[in-house]
């Protein structure tokens with residue numbers, strides 16, 4: 001580690017507090033919020049094009065139909081935004097022709113309201129078998145002799161029910177078909193993610209000045225959640241970790257309070273028309289010490305290395321590998337060991353906050369224009385604190401482009 005030993009880093013983190021009056025972080029947070037980009041909802045025409053694309057992939061793979069349960073992929077193809085319960089709501093996308101929706105009888109009006117593409121709806125009563133409807137549809141379409149692809153998050157009871165209703169059915173994973181569509185974002189999807197990111201950044205800037213000594217992570221996040229909602233962000237998500245809790249990437253059950261010199265790690269996001277923003281910021285309440293600044297600067301260097309490594313055609317895992325090589329040269333790790341980077345450099349993002357493909361060692365999927373990722377090579381010192389700066393980006397033919405601009409300095413953590 002350049003300029004500081006691990007022991008010095010840990011000791012400084014647990015050492016004396018600094019004055020909090022007129023903190024640079026607070027002054028920076030009071031800067032005017034950036035303009036929030038406009039974005040239109042996904043159109044029925046785009047959803048129809050998605051179905052045509054997956055049908056083309058199915059035809060080339062010799063697949064007869066794709067089974068999709070309620071969730072983000074159902075929304076992606078049909079516009080139906082539905083939850084999962086013990087009652088099956090699912091879509092059967094045939095290799096040719098319109099989609100078929102299976103849902104409980106009493107849910108039919110709501111499902112039809114949301115269905116944004118041509119399709120039929122078949123319903124089942126509470127005393128009937130919904131899986132028999134799926135099997136019957138396959139028979140009607142004369143697809144029983146071809147494999148049925150299963151979207152990778154479909155629950156076992158839906159697969160088991162189909163196999164009981166149609167013992168001759170062949171099932172295979174549909175992950176390649178779905179990911180072949182969803183991993184590549186359209187300009188409309190990118191615009192929605194840009195708007196979500198702008199909302200989160202504006203909320204961060206409004207939240208910073210409201211953080212006070214004595215607040216815990218839940219109280220800080222409550223302010224952030226309110227600021228996101230005030231700007232039109234949907235489903236505010238995330239959390240805030242303070243002091244030693246910031247050394248645990250997804251937090252601690254121990255309640256920590258803001259005090260002079262506290263490291264505050266905020267990992268927050270929202271959605272716009274279902275599309276996610278996921279942005280992390282780390283700040284120090286008061287004046288940061290040398291060790292805190294060093295760790296922050298190293299994480300920013302890691303982000304820069306990741307962006308330099310993200311090039312069209314390069315395996316996604318090479319981005320993670322490039323970051324780890326630099327971090328190991330600074331004294332972290334090796335590999336996933338601590339102090340260091342204990343998780344992947346980034347994850348795919350879109351209708352799900354975490355979706356394929358990941359920036360992780362060994363991932364061989366080539367980077368393509370339209371793929372979207374987080375860039376979050378955090379560094380964590382157990383028992384002390386951690387720093388994570390997370391900004392998402394999308395791939396273009398010319399290279400990666402950020403949705404949100406990383407902060408240049410710990411003195412201005414919100415830009």
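Rule-based calculations on the coordinates, nothing more; no lab input. Computed from a prediction, not measured in an experiment: that's the story for all the values here. Cβ sites come from the backbone with ideal geometry, for glycine too, and all protein chains shown count toward neighbours.
Apply 1/(1 + (r/R0)^6) to the Cβ-Cβ distance of residue 402 and residue 127, taking R0 = 41 Å, and write down the FRET efficiency to the nearest 0.05. Can you show the working numbers first?
Values: r = 54 Å, r/R0 = 1.31.
The formula returns an efficiency of 0.15 here.
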- prompt: Quick one: of the DSSP bridges fully inside the chain, what percent are antiparallel, nearest 5?
  reply: 80
field: Structure-derived Rg and Dmax of the Cα atoms in Å: which label, when the choices are (1) 31.0, 101; (2) 23.8, 74; (3) 21.1, 62
entry: (2)
query: Nearest-5 percent of antiparallel DSSP beta bridges in region 44-182?
result: 40
- prompt: Between region 91-123 and region 271-334, what is the C-alpha centre distance in whole Å?
  reply: 43
field: Pairwise FRET efficiency - residue 259 versus residue 176, Cβ, R0 = 45 Å, nearest 0.05
entry: 0.35
task: With a point put 7 Å past each Cα toward its Cβ, work out how far residue 252 is from residue 43 in nm, to one decimal.
output: 5.2
- line: When 381, 319 are arranged by how many other beta-carbons sit within 10 Å of their Cβ, fewest first, they go 381, 319
message: Could you sort the peptides 402-413, 298-309 by per-residue average Cβ neighbour count (10 Å cutoff), highest mean leading?
response: 298-309, 402-413
message: Order these by the 10 Å Cβ neighbour count, fewest first: 276, 354.
response: 354, 276
query: At 222 nm, what helix-only mean residue ellipticity would the chain give, in deg cm²/dmol to the nearest 500, using -39500 (n - 2.57) for each DSSP H run of four or more?
result: -10500 deg cm²/dmol
- prompt: Mean separation of Cα pairs under 8 Å and 6+ residues apart, divided by the residue count of region 232-319: what relative contact order is that in percent?
  reply: 23
message: Please compute the contact order of the chain in relative form: average sequence separation of alpha-carbon pairs under 8 Å and at least six residues apart, divided by the residue count, as a percent.
response: 18
- prompt: If you line up the long axis of helix 317-329 against the longest principal axis of the chain, both from Cα atoms, how many degrees apart are they, to the nearest 10?
  reply: 20
- line: Listing 142, 253 by rising number of other beta-carbon atoms within 10 angstrom, fewest first, gives 253, 142
task: For the chain, find the longest principal axis of its Cα atoms and tell me its angle to the long axis of helix 217-230, 0 to 90°, nearest 10.
output: 60
message: 7 Å from Cα along Cα→Cβ at both residue 364 and residue 163: what's the point-to-point distance in nm?
response: 2.8
Angle in degrees between helix 130-140 and the longest Cα principal axis of the chain, rounded to the nearest 10: 60
